[in-house]
Amino acid sequence: MTMSIKRRLIVVVGPTASGKTDLSIALARHYNAPILSTDSRQVYKGLPIGTAYPSEEQLRSVKHHFIAERELAEDFNCGEYEKQALERLNQLYESNHTVVAVGGSGLYIRALCEGMDSLPEADVTLREQLTSRLKSEGVEALADQLRELDPEYYQVVDRSNPARVMRALEVCLTSGQKYSELRKGIRKERDFQIVKIGVAMPREELYDRINRRVDLMVEAGLEAEARAVLPYRHCNSLRTVGYNEMFDYFDGKITLDEAIEAIKLNTRHYAKRQMTWFRRDSQIEWFSPADYQSIIKYIDSQFGE
């Protein structure tokens, strides 16, 4: 496959609350480019506060794709994202030389840039058994078994997402191999040039930003948003930090203050897992989010400008 120098993808990655959105907007304006989201939760409708959609002003200033495009009840996975994101990119490249991709979902970014690995098909009987265990024992029990079978993947998986924990455990049990090893497949060739930018900052600063962001989400109406989507709590789209804790509050298991503190703690843990994941990608060049001029200079050098 011959790469066209006119087809370029700038990928912005980093942990939650690190400033990826603001940077992506600045880059999109600089390169006159649309934005493709690689966030596995912002793709769903009805979750603007809890998943931190770009602001209305940001959405108006730059055309975004895969933001609030899917219904909460839809099952949208990495394989489907890979297929549809590549189709969308082909459409965008008809009128744009450059596209900016941004998000913190490692699997979506891998699907977009490298493709998904060929993994064993789901075993219906095993899936039913794991689903039953999930209901009776909770995701923690499945995660503990995953830790025994594949400690490497356990360290990076979003353990608040039962679907991902269950799928990894299913693959381990079906194949007799580690999920983390089976996922190290051959990279698929892409017909566009990729430059990856990582956004990083000192841990204390990031954790403070996370705590303040959660407080702002609560002020903006996170509780009301979570109540509005409560009928869909069983859907994979809502098995994520922010909503899990609010649902526990609605069930009377914890107080509102405890739910807020749990969201902060679990978000910090999630950010740590994100950084563990991204640090393994040697193609990512890391910058402070404020180091805009250096980021532009680096991107231009990679694109030969």
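The values are calculated or read from the model by the stated rules, or taken from the named source; none is laboratory data. Since the structure is predicted, the reported quantities are computational estimates derived from the model, not experimental observations. Every residue, glycine among them, receives a Cβ derived from its backbone with ideal geometry; neighbour counts consider all protein chains shown. These area figures cover heavy atoms from the full protein model, side chains too; ligands, DNA and RNA do not enter into them. Shrake-Rupley method; radii C 1.70, N 1.55, O 1.52, S 1.80 Å.
Structural remarks
- Ordering 9-15, 51-57 by mean Cβ neighbour count within 10 Å, with the highest value first, yields 9-15, 51-57.
- Whole-number accessible area per residue in Å² for the stretch 69-134, which is evaluated in the context of all protein chains at 1.4 Å: 48
- Apportionment of accessible area to carbon and sulfur, the stretch 1-54, percent (1.4 Å): 52
- Taking Cα centre as origin and charging only the Cβ of basic (Lys, Arg, +1) and acidic (Asp, Glu, -1) residues, the dipole magnitude of the stretch 208-305 rounds to 340 debye.
- When the convex hull of its Cα atoms is projected in every direction, mean area for the stretch 142-218 (nm²): 8.3
- Three principal axis extents of the stretch 1-127 based on alpha-carbon atoms, in descending order, are 52, 42, 24 Å.
- The stretch 94-239: projected area of the alpha-carbon convex hull, averaged over directions, in nm²: 12.7
- Given charges at Cβ of Lys, Arg, Asp, Glu: the chain dipole, positive-most of 90, 163, 243: 90
- Helix 292-302 axis, angle to the chain major axis (alpha carbon atoms, nearest 10°): 70
- Ordering of 25-37, 193-205 by packing [mean C-beta count within 10 Å, highest first]: 25-37, 193-205
- Estimated [θ] at 222 nm from DSSP helical runs (n ≥ 4, -39500 (n - 2.57)) normalised by residues in the chain, nearest 500: -15500 deg cm²/dmol
- Only Cα pairs under 8 Å and 6+ residues apart enter the sum, and on that basis the relative contact order of the chain stands at 28 percent.
- Long pairs among 63/297; 135/188; 135/264; 63/188, criterion Cα-Cα beyond 29 Å: 135/188
- Basic side chains Lys and Arg get +1 at the Cβ, acidic Asp and Glu get -1 at the Cβ, and with that the dipole of the stretch 7-126 about its Cα centre reaches some 620 debye.
- Convex hull volume of the Cα atoms of the chain, normalised per residue: 135 Å³.
- Share of pairwise Cα separations in the stretch 225-305, more than 18 Å, in percent: 61
- Distance between the pseudo-spin-label points of residue 189 and residue 140 (7 Å out from Cα toward the beta carbon): 5.0 nm.
- Debye, to nearest 20: dipole size of the chain, +1 on Lys, Arg Cβ, -1 on Asp, Glu Cβ: 660
- Sequence-distant contacts, meaning Cα pairs under 8 Å at least 6 residues apart, place the relative contact order of the stretch 1-68 at 31 percent.
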